[in-house]
Amino acid sequence: MTRKTRIRAAVVTATAVVAAGTFAAGAAVAGPKEAAKPTKAQVLSLFDGWNAALETGDPETVADLYAKDAVLLPTVSNKIRTDRAGIVDYFEHFLANKPAGKKVTSVVKVLDDNSAIDTGAYDFTLTDPETGEQRVVEARYTYEYEKQRNGEWKIVNHHSSAMPEG
């Protein structure tokens, strides 16, 4: 099994776990009659699934983590993406740089049973596809997550911008 296939299988598994009402961190969220707020650790684990989706190199896999009406303010593009086609388009270009994200600081606010915000700073190592040269982009981020009717957590708002003083 190739690395890409293993990563894709991990993303599919993580997505199935989230859809079943649990998080990658392993803690279950109560069923519909017993709604419970997610823990901060559970919210933080959603980034791990997103970062694993980046590793697949497949923009469709990444876009699957966003809600139908999500808004993406991307790190290395001035264009605001407000639909799936726009999000896929961004990731088609971004993934060519083989991004590898690493969180530096996270502040999680669980708003209620169905929504949470993860804000902080992360570093992305990007590899130039032509030269192989790597550079690190220091960026700040906000992910707003909402639990969908099917129980799956999706990104509804994602803002990422390079640090202005970096």
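Please treat every number below as a calculation from the coordinates, not as lab data. As the structure is a prediction and not an experimental result, all values here were calculated from the model. Reconstructed Cβ throughout: ideal geometry from the backbone, glycine too, with neighbour counts over all protein chains shown.
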The stretch 62-166: which trypsin sites (Lys or Arg not before Pro) are DSSP loop and have at most 11 other beta-carbon atoms within 10 angstrom?
-> K79, R149
Based on the alpha-carbon gyration tensor of the stretch 113-166 and its eigenvalue square roots a ≥ b ≥ c, which shape applies: rounded if a/c is under 1.5, prolate if not and a/b is larger than b/c, or oblate?
-> oblate
Around G86: net Lys/Arg minus Asp/Glu count, Cβ-Cβ under 15 Å = -2
Environment charge of K102, counting only residues whose C-beta is closer than 12 Å and scoring Lys/Arg +1, Asp/Glu -1 = -2
Proximal aspartates and glutamates to K68, defined as alpha-carbon separation beneath 12 angstrom and excluding residues fewer than eight positions away on the same chain = D83, E146
Just list whichever of K37/K154; K37/K98; K37/K103; K37/K79 have alpha carbons separated by over 26 Å in the model shown.
-> K37/K98; K37/K79
GluC sites (Glu not before Pro) lying in DSSP loop within the stretch 107-166, provided at most 13 other Cβ fall within 10 Å = E130, E133, E165
At q = 0.17, 0.28, 0.32 Å⁻¹, base-10 log of I(q)/I(0) for the stretch 47-86 (Debye sum, equal scatterers on each alpha carbon) | -0.45, -1.08, -1.16
